[in-house]
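The structure under discussion appears below in the form of structure tokens.
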Amino acid sequence: MATDNRPLSPHLQIYRPQLTSVLSITHRFTGIILSAGLIAVVLWVIALASGPEQYDRFLAVASHPAGLIAMVVWTLALFYHLLNGIRHLLWDAGWLLDLKGAYASGYMVVTGAVLLTALSWWEVMT
Amino acid sequence: MKFRNPLATARNHGSAGDGVEHWWAQRFSAIVMLVLAAWVVYALVSVIGATHAEASSFLAQPFNAALAILFLATSLYHSRLGLQVVIEDYIHHRGLELALVLLVKVGALVGGVLAVVAILNIAFGA
């Protein structure tokens, strides 16, 4: 069967990025970030169970600027994945599947994730 | 138009033969974490920046220890289901794909056991 002349669907590089497609891949990407962060969470409980010295050593790494940036990124990913996960569950139930619902909920998810991240870190810092 | 034979429809397993279970497990674990979400945010905010004594006395409370174990187990499970799909979608070498999926499954299991033992250790003050 000749396959070289068949029509192709638009490639990702040609297609203009839309809110819906960008948020879709972001859900997957934040899932990977959260999985990596889970390793840190497991290490954190192990450090906590290993006594004060081990815990302080863990905190020294975590409070390094790179560690703090990683934690802020991780919480942002957490809130995004949480809110967009609710959006996905609503879609699974058959709601918000029209263009208007998909866009409105998309903007809500992004705004909500940023606000909740800011609020949580405000709560931690004060 | 209907292309699927009656037996396939009766079995209701979709085109791949399986996968429905995986799909449901991903949603079910998501809903469990959704129920725990408020506690998780409260726990993160309480524990980030806390001293060893503060963090361990927080996790030592039976309610917090139980929810921490429940959440970590569920999130590791959800994470391994999600990473499996990512690997299956993007890794096109069958051997590497199987090896990575196995690695993720074993990693989630080992991480879960380590975390649960650590939390019980803190909770029972060993």
(request) Could you state the angle between the C-alpha long axis of helix A:52-62 and the longest principal axis of the C-alpha atoms of chain A, as a value from 0 to 90 degrees rounded to the nearest 10? (result) 40
(request) Measure nothing fancy, just the Cα-based angle from helix B:62-90's long axis to the longest principal axis of chain B, in degrees from 0 to 90, nearest 10. (result) 30
(request) With only Lys, Arg, Asp and Glu charged, each at its Cβ (+1 for the first two, -1 for the last two), find how big the charge dipole of chain B is about the Cα centre; round to the nearest 20 debye. (result) 400
(request) Jot down the per residue volume, in cubic angstrom and as a whole number, of the convex hull over the alpha-carbon atoms of the protein assembly as shown. (result) 191
(message) Charges at C-beta only: +1 for Lys and Arg, -1 for Asp and Glu. How large is the resulting dipole of chain A about its Cα centre, in Debye rounded to 20?
(response) 360
(message) If you count only protein heavy atoms and use a 1.4 Å probe, how large is the accessible surface of B:Ile91, to the nearest 10 Å²?
(response) 40
(request) Keeping every protein chain in place, order A:Trp44, A:Trp95 by accessible area at 1.4 Å, biggest value first, i.e. largest first. (result) A:Trp95, A:Trp44
(message) Let me check I've understood the local charge: for B:Leu102, count other residues with C-beta under 13 angstrom from its C-beta, Lys and Arg +1, Asp and Glu -1. What total comes out?
(response) +1
(message) With a cut-off of 8 Å between alpha carbons and a minimum separation of six or more residues, what is the relative contact order of chain B in percent?
(response) 29
(message) What does the charge count around B:Ile87 come to, taking other residues whose C-beta lies under 15 Å from its C-beta (Lys +1, Arg +1, Asp -1, Glu -1)?
(response) +1
(request) Work through the residues other than B:Ser46 whose Cβ is under 14 Å from its Cβ and net out their charges, Lys, Arg +1 and Asp, Glu -1. (result) -2
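The values are calculated or read from the model by the stated rules, or taken from the named source; none is laboratory data. From a predicted model like this one, the values you see are computed outputs, not experimental measurements. Reconstructed Cβ throughout: ideal geometry from the backbone, glycine too, with neighbour counts over all protein chains shown. These accessible areas exclude ligands, DNA and RNA; they are computed on the full protein's heavy atoms, side chains included. Shrake-Rupley method; radii C 1.70, N 1.55, O 1.52, S 1.80 Å.
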